[in-house]
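The values are calculated or read from the model by the stated rules, or taken from the named source; none is laboratory data. Please read all numbers here as calculations on a predicted model, not as lab measurements. No Cβ is skipped: glycine too gets one built from the backbone with ideal geometry, and neighbour counts run over all protein chains shown. Accessible surface areas use protein heavy atoms only, side chains included; no ligands, DNA or RNA. Shrake-Rupley method; radii C 1.70, N 1.55, O 1.52, S 1.80 Å.
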Amino acid sequence: MSLLYVVDGGKQESSAPIVAKFGGTSVASAEQIQKLAAIVRSDPRRRYVVVSAPGKRTPDDKKVTDLLYLCSHVAHEGVDVKPTFGLIRDRYEEIARDLGVEGMTEILDDVEREIIAGATEDWIASRGEYLHARLIANLLDAKFVDAGECIRFGPDGLLDPRSYPLTNQHLQGEGLFVIPGFYGLNAEGKVKTFSRGGSDVTGAIIARAMDAAVYENWTDVSGLLMADPRIIEGPRPIQEVTYRELRELSYMGANVLHDEAVFPVREANIPILIKNTNAPEDPGTRIVQEREPDENVIIGIAGKKGFTTIFVEKALMNLEHGFGRKFLEILDHFNIRWEHAPTSIDSMSVICASEEMEGKEQQVLEEIQLILDPDRVDMLHDLALIATVGIGMAHQVGIAGRLFAALAEAGINVRMINQGASEINIIVGVEAPDFEPAVRAIYKAFVKEEG
Ligand code: ASP
């Protein structure tokens, strides 16, 4: 494994620390935690280790966080929590025994006592990370620092920016630190969790607070792939992607990181490196501010099924004041969030996730008739959206031509086209059965074979 990382701009940084966050599957068992220990010890710059709660060991295993939510439910129903908490206790005791870590029984007893005494749901859910950070700090001979000391939420429930100086202050000194992910304290000083998967956000906040050279996010895949491997056989891995490209890809379903994890490090220009705990020598994916476009022009293809489009046609629509606003207001009135709104001279469509529309279709159509008085209105279900993303697409002639030629050659009927204002993506809407063939056609048209 390499001991030096080339950071942005090609300069080699040797002194700035590395924040290494390990996800649920990377800390699911004693065997996995041994891998974590080897990774952390292989580079002395890995000074801040952020851990998730133990995740699944096998596909049908239970995550500790899910068991804790169950415990909270059981406790708040007034039912005995001991049998449910027993599953969690067994999990930590087995890991501690296999790793030769002592002292977990007392900490588990304290947590159980608090749950019985009426702890809040967020407090209970956060204990998965808390307990694991205590255990792993003990194993690594590191200092445990509670996330409650570092991470604060404001009265609006959003991250309080004072978290950065506070974190920095609590992580001073020599040696290794282990910090639990997923939670902080709210404005009243009570434990509050991020949304699920939120340990990624904790890692990003710590990386920013400590001005890290890189934020490593250790997981169970070797980074992002250029397309979904369930559709494309052996898609090429993505070695480098910009934050903006990642946003576009993850918005369309390619998920490796919690959505909110990008912002703290992006603002501070700290690269994120997605790495595989089970294959640490794999290069992984670097997420950076800027990159040079490569031979493929595109960086990836992502997409999702399950969209509905409402198409409204009205002659001279473009001369009518507030037509688009009135259309969108109707959706707002029904509490429907929309994704895209492509228009042409006499027509406008709005695309939204089908679940947003569920049970409201008839009323929405009636309201459109009443308020917009259109010549025609149609609702099309089962639309799939595909985003083709890449900074290399901006200001390049012929990219759209290549894309549509590939789709036409594959006999695919394109129902919607939208190019993001940033010009780094082209989104096409196709009927659901055309989704996979369309992804394959685009991949083939743009991605060169490796080697
Ligand atoms: N353990 C929490 C969850 O399962 C947070 C995390 O793992 O990032 O959502």
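Considering (1) polar (S, T, N, Q); (2) surrounded by fewer than 15 Cβ atoms within 10 Å (Cβ to Cβ); (3) part of a helix (DSSP H, G or I), the lone condition that Q172 does not fulfil carries the number (3). Among the residues making up segment 372-405, those that are among the hydrophobic types (A, V, I, L, M, F, W, C), outside any strand (DSSP E or B), in contact (Cβ under 8 Å) with a residue 40 or more places away in the chain and more than 30 Å from L316 (Cβ to Cβ) are I391, M393, I399, L403, A405. Selection of segment 118-140 for residues being closer than 21 Å to K82 by Cβ, part of a helix (DSSP H, G or I), open to solvent by 40 Å² or more (accessible area, probe 1.4 Å) and not charged (D, E, K, R) yields only W123.
Comparison of R127, R134, R113 shows that the only residue that is of a type outside the set (V, I, T) and more than 18 Å from S52 (Cβ to Cβ) is R113. Against the list (1) open to solvent by 40 Å² or more (accessible area, probe 1.4 Å); (2) within 25 Å of L273 (Cβ to Cβ); (3) within 11 Å of the ligand (Cβ to nearest atom); (4) not β-branched (V, I, T), the condition K35 fails is (3). Taken over segment 42-57, the criterion of being open to solvent by 50 Å² or more (accessible area, probe 1.4 Å) and away from the ligand (no atom under 16 Å from the Cβ) is satisfied by P44, R47.
Suppose we filter segment 195-209 for residues that are open to solvent by less than 20 Å² (accessible area, probe 1.4 Å) and either more than 13 Å from the ligand (Cβ to nearest atom) or of a type outside the set (G, A, S) (or both); how many remain? Spell out how you get there, then give the answer.
First pass over segment 195-209, keeping only residues open to solvent by less than 20 Å² (accessible area, probe 1.4 Å): 198-207, 209.
Subsequent filtering for residues that are either more than 13 Å from the ligand (Cβ to nearest atom) or of a type outside the set (G, A, S) (or both) retains 200-202, 205-207, 209.
Selection size over segment 195-209: 7.
Residue pairs whose Cβ atoms lie under 7 Å apart, sitting 6 or more positions apart in sequence or on different chains, and linking a residue in segment 84-97 that is over 18 Å from L139 (Cα atoms) to a partner that is open to solvent by 10 Å² or more (accessible area, probe 1.4 Å), are T84/L67; T84/L70; T84/V74; F85/E112; L87/L67; I88/L67. If a residue has to be open to solvent by 80 Å² or more (accessible area, probe 1.4 Å) and either more than 16 Å from the ligand (Cβ to nearest atom) or among the hydrophobic types (A, V, I, L, M, F, W, C) (or both) to count, how many in segment 71-86 make the cut? Residues that pass the stated criteria total 6.
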